[in-house]
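J.: Got a structure for you, written out below as structure tokens; questions coming shortly.
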Amino acid sequence: MPLTGIAPSLSPASRWPVNAPPTLHEAACLGLVAHGTLTPLGRALLADPRSLDEPLGDLLPPLLEQAHFQADLTAVVPGRPTAALQALLTAAADRESEGHAVTWRFTPRSVRRALDAGHRAETLLDDLARASTTGTLPQPLGYLVRNAARSHGRMRVLSAACCIRSDDEALVDELAAHRDLRDLGLRGIAPTVLVSSRPPAATLDALRAAGYAPALESDTGTTTVERLPAHRTKATAPPRSSHAPLALAHRLLGLPAPSQEASTTGAP
């Protein structure tokens, strides 16, 4: 039953309905009544159901802004964490337990997740230290974060529609600086390789329009021969005579071919 439905039943001036025991049980579970009388929360509900922040704040423990960081790479919050503390711990650790005390565990994977999201090792350690009840962090946690940072980003993944390669490094530099090829978004990833943001067909067209003569290369490294579509002229069908059906009928019946005059007049 919603709170607005319980409130009228708690009014001293009203008569108790038939379902009073279940209602009282629900009210006790919600903290609205205790030992047969209204609690401060129950009285606040009767006065104004929209002004429950203060009585609820008195009943609930305060939010915690700091955690206990332990040498086993866990962080324990003995209560309800603030949104900022929860976001920080969730970004760099895996939540392990729920209840009165919430536990997060730091692992190489969870720390890499934080680094992938844009955190830097030193700023992450500073944020965690400020969130520590002692103002410091256990050495194992510092080692874990710094080791993960050393290996993070040693390889990179980039998006590319196609690549341009040439053994002529001067030509590659010329293409990268060419004004007419700006729409390709060319970017050098090696002295002899450029990355294009456009697909192969569009890149070939742009290079040829700029006066270059590129060749298309297959996935196996061999040159692909481009076949242009052939435009053939359709053969003109011979004109069909209006007397052809009559001549065909005579042949099928074994009759002599009709004369030109009979074909014209339509006589058998």
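J.: Rounded to the nearest 10 Å², what accessible area does Glu26 have for a 1.4 Å probe in the complete protein model?
T.: Roughly 70 Å² of Glu26 is accessible to a 1.4 Å probe.
J.: Now for a different question. Suppose R0 equals 45 Å. What FRET efficiency, 1/(1 + (r/R0)^6) with r the Cβ-Cβ distance, do Ala71 and Met155 give to the nearest 0.05?
T.: 0.90
J.: At a probe size of 1.4 Å, how large is the accessible area of Glu122, to the nearest 10 Å²?
T.: Using a 1.4 Å probe on the heavy atoms, I get roughly 90 Å².
J.: Just to be sure I understand the model, the point goes 7 Å from the Cα along the line to the Cβ. What's the resulting Tyr143 to Thr220 distance in nm?
T.: Simple spin-label model gives 5.2 nm for this pair.
J.: What is the local net charge at Thr123, summed over the other residues whose Cβ is closer than 13 Å to its Cβ (Lys, Arg +1; Asp, Glu -1)?
T.: Neighbourhood net charge equals 0.
J.: Just to verify a number: FRET efficiency for Leu52 and Glu98, C-beta to C-beta distance, R0 = 22 Å, to 0.05?
T.: Given R0 = 22 Å and the Cβ-Cβ separation, E is 0.30.
J.: Give me the number: length gained by fully extending Ala34 to Asp180, i.e. 0.36 nm times residue separation minus the C-alpha to C-alpha distance, one decimal in nm.
T.: Length gained between Ala34 and Asp180: 44.5 nm.
The values are calculated or read from the model by the stated rules, or taken from the named source; none is laboratory data. Note that the coordinates shown come from a computational prediction; the quantities given were computed from them, not determined experimentally. Quick reminder, even Gly has a Cβ in these numbers, built from the backbone with ideal geometry, and neighbours come from all protein chains shown. Note: accessible area is taken over every heavy atom of the protein model, side chains too, but ligands, DNA and RNA are not part of it. Shrake-Rupley method; radii C 1.70, N 1.55, O 1.52, S 1.80 Å.
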